[in-house]
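Below: the structure, in structure tokens.
The values are calculated or read from the model by the stated rules, or taken from the named source; none is laboratory data. Nothing here was measured: the structure is a model prediction, and the numbers come from that model. Ideal geometry is used to build each Cβ from the backbone, glycine not excepted, and the neighbour counts take in all protein chains shown. Only protein heavy atoms, including side chains, enter the accessible area calculation; ligands, DNA and RNA are left aside. Shrake-Rupley method; radii C 1.70, N 1.55, O 1.52, S 1.80 Å.
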Amino acid sequence: LVSAMNRVQLLGRVGQDPIMRQVEGKNPVTIFSLATNEMWRTGDSEVSQGALLFLCTSGDISQKTTWHRISVFRPGLRDVTYQYVRKGSRIFVEGKIDYGEYTDKNNVRRQATTIIA
């Protein structure tokens, strides 16, 4: 019996070539950004994701781009992602949302949301 679920599916375009980072004492991680678009016609109440936009009413098309930080830890998937995914690629990512905190170089506490693929 599942009492809770943390799962996200994203379809978007890669913002930059993936990088692989090695943190001391931990396994490597491949990181990249993914842009998703939300489109709607002004005055409409329905919102469509990605390429699905129904043009049934009048009004201007508005768009919002959201950037997601993607981290890939699983060894096989991490390596394939680093080797083959490139800036501009359209890809589907499935994973979980992770909320974390860190301290930046100016000693300011920051929050970060990451998708663990």
- Please work out which residue is farthest from the chain's Cα centre (by Cα), limiting yourself to region 83-117 and to residues that are surrounded by 10 or more Cβ atoms within 10 Å (Cβ to Cβ), aliphatic (A, V, I, L, M) and part of a loop (DSSP other than H, G, I, E, B). VAL85
- If you check every pair at least six apart or on different chains, which have Cβ atoms under 7 Å apart with a residue in region 5-32 that is free of Cβ contacts under 8 Å to residues at least 60 places away in the same chain first and a residue that is open to solvent by less than 20 Å² (accessible area, probe 1.4 Å) and of a type in the set (Ser, Thr, Tyr) second? VAL29/SER71; THR30/THR81; ILE31/SER71
- Query: What pairs can you find where one residue is in region 59-74 and closer than 10 Å to VAL29 by Cα, the other is part of a loop (DSSP other than H, G, I, E, B) and open to solvent by 100 Å² or more (accessible area, probe 1.4 Å), and their Cβ atoms are less than 7 Å apart, with a gap of 6+ or different chains?
  - Reply: PHE73/ASN27
- Taking region 70-82 as the region of interest, how many residues are in contact with a Phe, Trp or Tyr (Cβ under 8 Å, 6 or more places away or on another chain) and open to solvent by 40 Å² or more (accessible area, probe 1.4 Å)? 0
